[in-house]
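The values are calculated or read from the model by the stated rules, or taken from the named source; none is laboratory data. Model, not experiment: these values are computed from the prediction. A quick note on method: Cβ atoms are made from the backbone with ideal geometry, for glycine too, and the neighbour counts reach across all protein chains shown.
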Amino acid sequence: MTDPITARRNGEVLIIVSNNPPVNALGQAVRSGLKREIEAGLADDAVKAIVVRCDGRTFFAGADITEFGKAPQGPSLLETLDAMEASDKPVVAAIHGTALGGGCEVALACHYRVAVPSAKIGLPEVKLGLIPGAAGTQRLPRLVGAEAALPLVVGGDPISASKAESIGLIDAIVGEDSLEADAVAFARAKIGQPVPRASEGTKNQDGVRDPDIFDRFRASQARKIRGFDAPNAAIEAVKAAGELSYAEGVKRERDLFLKLMGGTQSAAMRHYFFAERAANKIDDVPADTPILPIRKVGVIGAGTMGGGIAMNFLTAGIPVTILEMQQDALDRGTGTIRKNYDATAKRGRMTADGVEQAMGRLTPTLDYADLADCDLVIEAVYEAMDVKKEVFAKLDEVAKQGAILATNTSYLDVDEIARATSRPGYVLGLHFFSPANVMKLLEIVRGKETRADVLATAMKLAKTIGKVAVVAGVCHGFIGNRMLSPRQQQANALILEGANYWDVDDVLLEFGFPMGPFQMADLAGIDIGWHRDPSRVETIREALCAKGRFGQKNGKGFYDYDEARNRTPSEETKAIVAEFAAREGKPQRAVSKEEIRERLLYPMMNEGAMILEEGMAQRASDIDVVWINGYGWPLYTGGPMFWADTIGLKTVVEGLERHGLPVSNYLRRKAEAGETFNR
Ligand code: T1G
């Protein structure tokens, strides 16, 4: 393997260059080469200044995540960076691309940092369930202050070069196309001057003068960091930077880092990092499969889903023709799109001009013929097979040859829909999740005859519109909804047996979901699809509707709601459920939260096992990606299949058997073989 680190001279300036595609990760060879060339430069009297930069698309994008969990190999980044910073020769980081994690820490240990305008810099370790481990939490607050450091270290999102310059993290913005030359000139100008060392900075005293900074920040992030270990550790580390010496602070950071590295949350979040990238790969579709051009998209149906779907493309700069059957429905749909954009602009996440540009790409119509020049048409009409087949038959007549025809169905048989056309190779499912302009997940449902280039195009288009896409096979509910079904069944069964419905919700909340099934029902509206006949009561929902309990919308559903929509368990609901259970002849008993959790989650893992055995998902990690992005499965447990591995498949099998629930052969075989789904 060629040495990723080289060095060359430009007069008295030594330029150390890393060439370690794809992202100059700081793997062992890079660390070793860096150490070697830095020591050589510091020892060479002819060298008066040093520039550190990277070839390829980015400055160091962090430690090599593939090395985590393995026996650590020297040299340590921390020691190398301390030695570099201790030098009296000016060292300049020349930044382009994304200087992330360890990459940002390399830059912090340099005496100066220059960057091209398009560069970004950040400390995303919390997104891997970690905190910076090479003194980033100690140098950054000393350089920019605790208050400016907290969002970077605890939030994990990178900031632009200009923002970084404004807080003092970057010393100068240089030419987009003259990074090395400008960095060398910058370094040359610093020769002979005392060098500034971030570890000696005093900006961190803001956290000493106002110790409330930390609690205020923690409170501001409460909802986002609920259940995660790393963000709190990150706050502690930044706080330590103000209270301890640099050396003691580094030790504190190390202790916090090692504790996180050894925990289940980081293993889960590192699993997810690679899982999300693996999902892009379609096993039997070569990476160089030709991509069909998508210059114009048609959307059929301007309801909530159709409008949301259209927005994904409008925002990505792709014109959309949206079709409805009636003018009032069309006007309502386009009005909702504009309202959503205006709300986004009000939140400062879009300019007024951006809204006009997006709306300018929208063409409403009542005429199918206007879809004739679309490269992709997505239907989001009523969820009934006969309606879908009628739409696709019409589409088949008007759409141009080579156009992709997609259904947004949540459950229905995509192959049957494809057979309503003369071009089944160009038909697939694009299952968006509501609200479609917000939710990241997109299930790409491949029919038996869906062409490879159509699949490859859909996968690339997903990335263009900012979705996380997973390929699913044709089965009822594909991957996500198919696994949701057994959880819903158990939730309803549990409350009929006497479990408190609020305990069912609390179990999922405590596990890390944003809300439970009964809170979700109240939010969505219990009376959706109700036949409006209070004398006809065949389900618990109908029993609640019969008593006028429709959900949040009228202040009472499973829960009671006050004006501020705070929810409290309702004794009336408990009585309605008990009366319904009695009528069904269901004996009542107290049900523990332990039993509730096992009966809600384990059947999902069993369903996931069947999905894998049937080939309805390419890999177990794809199922994890679906549930984390589409249903709020807590990222810090890695998804249903990774969590099953964490607690052990034998535990899952024993739990299912204890509750008399089915165990698939695939799951039983893997459990008995001591295997896992993912690892
Ligand atoms: N280590 C190993 N492989 C990595 C990697 C990394 N840090 N980053 C990316 N890859 C691989 C990735 O798996 C993919 O592989 C390919 O590179 C392209 O990535 C000591 C402890 C840099 C913004 O968290 O955010 O430093 O699929 O598809 O969309 O304190 O990659 O091609 O085989 O994502 O252009 C902190 C993680 C580590 C940055 C580029 N750093 N990476 O995005 O390409 S912990 C991070 C990213 C740390 C220190 C601590 C993104 C990117 P494959 P990609 P992209």
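What are the residues in the range 98-113 that are closer than 19 Å to residue 153 by Cα and not aliphatic (A, V, I, L, M), if any? Within the range 98-113, 98, 101, 102, 103, 104, 105, 110, 113 meet the criteria. Scan the range 181-199 and tell me whether some residue there is surrounded by fewer than 13 Cβ atoms within 10 Å (Cβ to Cβ), in a loop (DSSP other than H, G, I, E, B) and charged (D, E, K, R). No. Hey, does the range 644-654 have a residue that's basic (Lys, Arg), over 30 Å from residue 435 (Cβ atoms) and either surrounded by fewer than 20 Cβ atoms within 10 Å (Cβ to Cβ) or touching a residue at least 60 places away in the same chain (Cβ under 8 Å) (or both)? The answer is yes; a qualifying residue exists.
Residue 8 passes every criterion in (1) closer than 20 Å to residue 182 by Cβ; (2) surrounded by fewer than 16 Cβ atoms within 10 Å (Cβ to Cβ); (3) in contact with a helix residue (DSSP H, G or I) (Cβ under 8 Å, 6 or more places away or on another chain) apart from (3). Residue pairs whose Cβ atoms lie under 7 Å apart, separated by 6 or more positions or on different chains, with the first residue in the range 665-677 and β-branched (Val, Ile, Thr) and the second not in a loop (DSSP other than H, G, I, E, B), are 676/645; 676/649.
Residues in the range 69-83 that are modelled with pLDDT of 90 or more and within 15 Å of the ligand (Cβ to nearest atom): 8 in all.
Being within 14 Å of the ligand (Cβ to nearest atom) and of a type in the set (Asp, Glu) is a description that does not apply to residue 88. Criterion first (more than 10 Å from the ligand (Cβ to nearest atom), closer than 25 Å to residue 160 by Cβ and crowded, with 20+ Cβ neighbours inside 10 Å) does residue 13 satisfy it? Spelling it out, it is not the case that residue 13 is more than 10 Å from the ligand (Cβ to nearest atom), closer than 25 Å to residue 160 by Cβ and crowded, with 20+ Cβ neighbours inside 10 Å. If you filter the range 251-270 down to residues that are part of a helix (DSSP H, G or I) and away from the ligand (no atom under 12 Å from the Cβ), you find that the one that is farthest from the chain's Cα centre (by Cα) is 251.
Listed here are the residues, each with its yes/no results for (1) away from the ligand (no atom under 14 Å from the Cβ); (2) on the phi > 0 side of the Ramachandran plot; (3) not in a helix (DSSP H, G or I).
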{"position": "219", "(1), (2), (3)": "yes, no, no"}
{"position": "224", "(1), (2), (3)": "yes, no, no"}
{"position": "231", "(1), (2), (3)": "yes, no, no"}
{"position": "240", "(1), (2), (3)": "yes, no, no"}
{"position": "276", "(1), (2), (3)": "no, no, no"}
{"position": "280", "(1), (2), (3)": "no, no, yes"}
{"position": "284", "(1), (2), (3)": "yes, no, yes"}
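Summed over the range 429-445, the residues that are charged (D, E, K, R) and out of contact with any strand residue (DSSP E or B) (no Cβ under 6 Å at 6 or more places or on another chain) give a count of 0. Between 504, 474, the distinction of being at pLDDT 95 or above, of a type outside the set (D, E, K, R) and outside any loop (DSSP other than H, G, I, E, B) belongs to 504 only. Of 654, 613, all but one fail to be farther than 22 Å from residue 508 by Cβ, modelled with pLDDT of 95 or more and not assigned by TED's automatic domain parsing to the domain that holds residue 440; the exception is 613. Applying the set (1) near the ligand (Cβ under 10 Å from one of its atoms); (2) touching a helix residue (DSSP H, G or I) at 6+ places or on another chain (Cβ under 6 Å) to residue 142 leaves exactly one unmet item: (1). Annotation: residue 97 fulfils all but one of (1) within 15 Å of the ligand (Cβ to nearest atom); (2) over 25 Å from residue 165 (Cβ atoms); (3) touching a residue at least 24 places away in the same chain (Cβ under 8 Å); the unmet one is (2). Here the condition is being surrounded by fewer than 16 Cβ atoms within 10 Å (Cβ to Cβ), within 26 Å of residue 638 (Cβ to Cβ) and without any contact (Cβ under 8 Å) to a residue 24 or more places away in the chain; of 283, 288, 255, it holds for 255 alone. Taking every residue in the range 21-33 that is at positive phi and pairing it with any residue that is more than 12 Å from the ligand (Cβ to nearest atom), at least 6 positions away or on another chain, the pairs with Cβ-Cβ distances below 9 Å are 24/4; 24/18; 24/55. Applying the selection to the range 41-68, what residues are near the ligand (Cβ under 9 Å from one of its atoms), aliphatic (A, V, I, L, M) and either under 15 Å from residue 106 (Cβ atoms) or part of a strand (DSSP E or B) (or both)? Result: 61, 63. Selection over the range 536-589 of residues that are free of Cβ contacts under 8 Å to residues at least 12 places away in the same chain, assigned to a loop (DSSP other than H, G, I, E, B) and under 35 Å from the mean Cα position of the chain (by Cα) gives a count of 5. Among the numbered criteria (1) away from the ligand (no atom under 16 Å from the Cβ); (2) surrounded by 15 or more Cβ atoms within 10 Å (Cβ to Cβ), which single criterion is violated by residue 2? Going through the list (1) away from the ligand (no atom under 16 Å from the Cβ); (2) surrounded by 15 or more Cβ atoms within 10 Å (Cβ to Cβ), residue 2 breaks only (2).
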